[in-house]
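Please treat every number below as a calculation from the coordinates, not as lab data. Because the structure is predicted, anything quoted here is derived from the model rather than measured. With ideal geometry, Cβ positions are generated from the backbone for all residues, glycine too; neighbour counts draw on all protein chains shown.
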Amino acid sequence: MKRLNQQLNPTKTGCEAEKLEGDLKQRIVGQDEAVQQIINIYQTYLAGMSSPGRPIGSLLFLGPTGSGKTRLVEAMAESLVGDARAVVKIDCAEFQHSHEIAKLIGSPPGYLGHRETHPLLSQEAINQFHTEKVKLSFVLFDEIEKASDALWNLLLGILDKATLTLGDNRRVDFSQALIFMTSNLGASEMNSILRPNLGFAAGDAENRRAEGIVDEALEGKVNRAGIEAARRKFTPEFMNRIDKTVVFHPLGAKELRQILGIELRLVQQRIFANTGTAPFVFQMSDRAGDFLLREGTDMKYGARHLKRAVDRNLVHPLSNLIATGQVKAGDLVRVDYGGNGALSFFKDAENMAIEEMARISGVTLTPQTGVLAAGTAAEPVKHGAGARTGKQ
Ligand SMILES: Nc1ncnc2c1ncn2[C@@H]1O[C@H](COP(=O)(O)OP(=O)(O)OP(=O)(O)O)[C@@H](O)[C@H]1O
Ligand SMILES: [Mg+2]
């Protein structure tokens, strides 16, 4: 045997993991460590190196509300199986009593309601969105600090042996599942590190973060605050069973601006995909964008607040304009802000061809549906000849 001594690169990812990474980065702003952990788990799975007899991966996500914990799991499902609804969500606060646990695992034979219950965690339920190519299940336990003892035991069994026994003794196999758990533990400690002056005025640290200046020491402190809070609350038995704990960081102004861009593209995408009225395009002035950011920035609620501001100030007025026939297919609507507390809407053009609208909005048409992917394409999209000419 001839010795080659050729250096290999163990940090390189395969093209499938690369596609997932690209898709996640298009949808999720910041939270790089969480994205990286997901890529690691997926790459290990693709290489057939996941531990046998355990779920493919288990991650605990900590951090403040509206920082992207749930969205990241949904984005992974969108990228891999084409549908965010593939994520089976269990809100732990809702399963405190034994009759509520029955909603998850079904009741034993002979009990009232045995036949009518369709356990949320049956094999069919978790495998519902398997595709020809990808046989993965996504299970998300939200607010796990609120789980009852019965639910804890169930969760420990899933993490440890990748099995769950249903009320009627059938076994559910979780060895093709990714288990995500979320908790807001440590969020208030993180907040007080970033804004030490009792939470009203932004601290210096937070202002620097808002400008995108990364202070490693500070980010390390935020991480530790999260992990220490989790260690105080959860038993070592539980912490040892999780592959990785990831701390989601509070979002700064720069990140919220990027998220606004994503949200606006999603609204435009919805207009093309759903309205009975056929597509039109809207364009936002910088002033209008700044107004939405001011309205939607609330450090306590993260991007959740921003989403609500977009709904209230843009989606609802646009819906009224559609419903009253003021905006029609082929229109170009300019959205501006003049300083009176509400956005203003103007019709700047009409009867535009769909290709022109697609060009203006930066959206790509697909031949099958005429629907587009505004920079958030899960599928490769084609331009030109085959594209349908809208639903006028
Ligand atoms: N990092 C992010 N990148 C892109 N969008 C985000 C991000 N964080 C939040 N959002 C937007 O805000 C919405 C709410 O975020 P999400 O549901 O992920 O919050 P969460 O961290 O799970 O909060 P909670 O702890 O309250 O469950 C998302 O649907 C998404 O539109
Ligand atoms: Mg959530």
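Would you mind ranking 239, 1 by Cβ crowding within 10 Å, fewest neighbours first?
So the ranking, lowest neighbour count to highest, is 1, 239.
What does the net charge come to around residue 226 if you take all other residues with beta carbon closer than 13 Å to its beta carbon, with K and R at +1 and D and E at -1?
Its environment carries a net charge of +2.
Using a cut-off of 13 Å between beta-carbons, work out the net charge of the residues near residue 96 (Lys and Arg +1, Asp and Glu -1, residue 96 not included). Write down the numbers at each step before the final one.
Working: positive: 103, 146; negative: 91, 94, 100, 143, 145, 149.
Net local charge, residue 96 excluded: -4.
Can you divide the C-alpha Rg of the chain by 2.2 N^0.38 Å and report the result to two decimal places? Write out the running numbers ahead of the final one.
Working: Rg = 23.7 Å, N = 392, 2.2 N^0.38 = 21.3 Å.
Relative to the rule-of-thumb radius for its length, the chain sits at 1.11.
Output the Cα-based Rg and Dmax of the stretch 254-373 in Å, rounding Rg to one decimal and Dmax to a whole number.
For the stretch 254-373, the Cα-based Rg and Dmax read 14.3, 43 Å.
Pick from 68, 110, 339: which residue has the top mean-square fluctuation in a GNM of the chain where Cα pairs under 10 Å get a spring?
So, out of 68, 110, 339, the one fluctuating most is 110.
Within the chain, what's the longest run with no GluC sites (Glu not before Pro) in a DSSP loop and at most 14 other beta-carbon atoms within 10 Å? Give the range, please.
Longest site-free region, per DSSP loop and neighbour criteria: 212-349.
Convex hull over the alpha-carbon atoms of the stretch 130-193: what's its volume per residue in Å³?
118 Å³
I want to verify the translational diffusion coefficient of the stretch 38-161 in µm²/s; compute it with Stokes-Einstein, Rh as the Kirkwood radius over Cα pairs, at 4 °C and 1.567 mPa s.
Estimated via Stokes-Einstein, D reaches 81 µm²/s.
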